[in-house]
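Asker: Got a structure for you, written out below as structure tokens; questions coming shortly.
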Amino acid sequence: MNAHPAAVAAIQVRVRCITFDLDDTLWPVMPAIHRAEARFYDWLRIHAPQVCERYTPQALIDARSGFMRAAPASERHDLTRLRKRWLRALALETGANPARLESEGFDVFWEARNEVDPDPEAASVLDTLSRHFQIGAISNGNADVFRTPLGPYFDFALPAAEAGAAKPDPEIFRAAARRAGVRPESMLHIGDDAVCDVLGARNAGLHAGWFNPGTMPWAQREPTPDLTFGRLGQIPVRLGLIRPAPLRP
């Protein structure tokens, strides 16, 4: 899907702030999640062995997933609160210390969850963009971009838990615009999810860039993304900030 030249020109003129989705846009999320779950289970072996007597690592993950799926829709935007509520319930079920599991246990998971491996192009792209735009993060997850190697390039981050709404709800994008001090039409949001990132941003009045490294076809109805990127490195090129590398003969 190629953007219309007029759309690209409009973005180049109007955009003052670029926001990014985090998980599976700036880094692959599952390696970090697997690492965090494994580290949490290792912590349980020492500090709450009664949990491990009842649950294998996979059974514990399944139990947590089931708990979160069963949560009311009004609570699903706050993954940190949900996980802490699950940890307290887990402690009460197994006889572990609820306060310790909810506090220390959560911190063990969360610190590892922020040990991400950024896309190889992410730092250089963000460095280039940050010289021209405000840079923000809009995420449904509970990663803290300021605890990652990419944190220095960001001016602000807005997780769904803080916004009180999750993508694709337009409110989280409008809240990000307020945080940035710009109008929605002066923002470009970039993410990998066609519904949460692209449709959500467009329906809130933002420009939207689809990070689509798998070159998947656009399967949604209108509105379509303003720009589509197969690599993060294409972003500053498409925005006219750097020239594309010449083709080798």
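We did not get these values from a lab; they are worked out from the coordinates using the rules stated. Note that the coordinates shown come from a computational prediction; the quantities given were computed from them, not determined experimentally. All Cβ positions, glycine included, derive from the backbone under ideal geometry; neighbour counts span all protein chains shown.
Asker: Just the number: Rg to Rh for segment 203-245, Cα atoms, Kirkwood Rh, two decimals. Walk me through the intermediate numbers first.
Answerer: Numbers: Rg = 11.7 Å, Rh = 11.6 Å.
Ratio of gyration radius to Kirkwood radius: 1.01.
Asker: If you don't mind, there's one more thing I want to ask. Treating the beta-carbon of each Lys and Arg as +1 and of each Asp and Glu as -1, no other charges, what is the dipole magnitude of segment 68-168 about its Cα centre, to the nearest 20 debye? Spell out each step's value before the answer.
Answerer: Working: 12 positive and 15 negative charges, 100 e Å.
It works out to roughly 480 debye.
Asker: Could you quote the convex hull projected area for segment 101-170, Cα atoms only and averaged over all directions, in nm²? Walk me through the numbers before you get to the answer.
Answerer: Working: hull surface 22.7 nm².
Its Cα hull, projected and averaged over all orientations, spans 5.7 nm².
Asker: I would also like to ask the following. To the nearest 10 degrees, how steeply does helix 170-180 sit against the main Cα axis of the chain, on a 0 to 90 scale?
Answerer: 70
Asker: Okay, next question. Okay, which of segment 82-103 sit inside 11 Å, backbone N to the point 7 Å along the Cα-Cβ direction of Glu75?
Answerer: Under 11 Å, as judged by backbone N against the label point of Glu75, lie 82-89 of segment 82-103.
Asker: Continuing with the same structure: Using a Förster radius of 35 Å, what is the FRET efficiency between Met30 and Arg178 based on their Cβ-Cβ separation? Nearest 0.05, please. If you can, show how the numbers build up before the last one.
Answerer: Values: r = 32 Å, r/R0 = 0.92.
For Met30 and Arg178, the calculated efficiency is 0.60.
Asker: Considering only the other residues whose Cβ falls under 15 Å of the Cβ of Arg231, what net charge follows from Lys and Arg at +1 and Asp and Glu at -1? Spell out each step's value before the answer.
Answerer: Working: positive: Arg238; negative: Asp24, Asp119, Glu121, Asp192.
Combined, the nearby Lys, Arg, Asp and Glu give -3.
Asker: Here's another thing I want to ask about it. Find how much the distance from Ala99 to Arg16 grows on full extension, using 0.36 nm per residue of separation minus their present alpha carbon separation; answer in nm with one decimal. Present the calculation step by step, with values, prior to reporting the outcome.
Answerer: Values: separation 83, 0.36 × 83 = 29.88 nm, distance 4.42 nm.
Between Ala99 and Arg16, full extension yields 25.5 nm more.
Asker: Still on this structure, I have one more. List the longest stretch of the chain that has no exposed loop site; here a site is one of the trypsin sites (Lys or Arg not before Pro) assigned by DSSP to anything other than H, G, I, E or B, with at most 16 other Cβ within 10 Å. Intermediate results must be reported in sequence, preceding the final value.
Answerer: Working: sites that count: Arg16, Arg76, Arg131, Arg221, Arg231.
Here the longest run is 132-220.
Asker: Can you show me the helix-derived [θ] at 222 nm for the chain, built from DSSP H runs with n ≥ 4 at -39,500 (n - 2.57) apiece and divided by the number of residues, rounded to the nearest 500.
Answerer: On the way: 11 runs with 105 residues, N = 249.
Mean residue ellipticity, 222 nm, calculated: -12000 deg cm²/dmol.
Asker: Continuing with this model, one more query. Within a Cβ distance under 15 Å of Phe67, other residues only, what is the Lys/Arg minus Asp/Glu net charge? Before the final figure, lay out the partial values.
Answerer: Values: positive: Arg54, Arg64, Arg69, Arg76, Arg81, Arg83, Lys84, Arg85, Arg88; negative: Glu37, Asp62, Glu75, Asp78, Glu93, Glu102.
Taking every Cβ under 15 Å from that of Phe67, the sum is +3.
Asker: Same structure, new question: Return the FRET efficiency for the residue pair Arg45, Met216: r is the Cβ-Cβ distance, R0 is 51 Å, and the value is rounded to the nearest 0.05. Numbers along the way, then the final one.
Answerer: Values: r = 40 Å, r/R0 = 0.79.
The value I calculate is 0.80.
Asker: Here is a follow-up. Starting at the first residue of segment 103-112, write each ³J(HN,Hα) from the Karplus equation 6.51 cos²θ - 1.76 cosθ + 1.60 with θ = phi - 60°, in whole Hz, x for Gly and Pro.
Answerer: Result, ordered by residue: 9, 5, x, 5, 4, 4, 5, 5, 5, 6 Hz.
Asker: Given a 10 angstrom Cα cut-off, can you work out which residue in Trp210, Trp43, Trp110 is the most mobile in a GNM of the chain?
Answerer: Sorting by GNM fluctuation, first place goes to Trp43.
Asker: About its Cα centre, what dipole magnitude does the chain give when the only charges are +1 on Lys and Arg Cβ and -1 on Asp and Glu Cβ, stated in debye to the nearest 20? Walk me through the numbers before you get to the answer.
Answerer: Values: 29 positive and 30 negative charges, 86 e Å.
That gives a dipole near 420 debye.
Asker: Could you check what % of the DSSP bridge pairs in segment 129-248 are antiparallel, to the nearest 5?
Answerer: Values: 0 of 11 bridges.
Of the beta bridges lying entirely in segment 129-248, close to 0 percent run antiparallel.
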